Every structure is written in C-alpha cells, then in structure tokens.
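Structure record follows, encoded as structure tokens.
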Amino acid sequence: MVSAAGHPVDEQTRASLISAFTTPGSPFAPSMYRDLEQGRPVEADQVLGDLADQGRARHLATPLLDAATVRLRAHNARLGRSQ
C-alpha cells in the first residue's frame, strides 16, 4: 500500500523490515502486539481500521486488514472496552 500512496519501499528495506519483525527472538514488536499479548485493549480501528480505509481509498483489497480489525474488535469487546 505504501507504493499506492506514493511512498515506494525498495526490496532490500522491505526484506530487512520483514526479517526484523518475524525472526524468532527479535526484540522488535509493535506496541499493539505487546498490548494484545498482555491482555490489554488495542487500537484496532485507529491503526488497522484506518490502514484498511486508506487502502480502500486507493482501490486496494484489504481482506486481511479487515479480518484482523474484526478480530481485534472482538478482543476489545471481550475486555469490555472499545478503543
């Protein structure tokens, strides 16, 4: 989507970012993930929902973002809070 928004990422940078976030034992983790793991509410609509909206505005399909947003909304509902 960054390319669709006019901000292309070169393949080397993309590969480095993917590696940093997916290598087992990596110290890098998004704060939303840390909140989720610790059973705290997460900013589902503010982060993933907005990202999906931005994608759809650029005529991109966002099924994984939509599914993740729904899942995180359910997480928040289970906690009795909405973020």
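Against the list (1) in contact (Cβ under 8 Å) with a residue 40 or more places away in the chain; (2) in contact with a Pro (Cβ under 9 Å, 6 or more places away or on another chain); (3) open to solvent by 80 Å² or more (accessible area, probe 1.4 Å), the condition Glu43 fails is (2). Screening Val9 with (1) in contact with a helix residue (DSSP H, G or I) (Cβ under 6 Å, 6 or more places away or on another chain); (2) open to solvent by less than 80 Å² (accessible area, probe 1.4 Å) gives one miss only, at (1).
The values are calculated or read from the model by the stated rules, or taken from the named source; none is laboratory data. None of the values given here were measured: they were computed from a predicted structure. Glycine gets a Cβ as well: all are built from the backbone with ideal geometry, and neighbour counts include every protein chain shown. Each accessible area value is taken on the protein alone, full model and side chains, heavy atoms only, with ligands, DNA and RNA left out. Shrake-Rupley method; radii C 1.70, N 1.55, O 1.52, S 1.80 Å.
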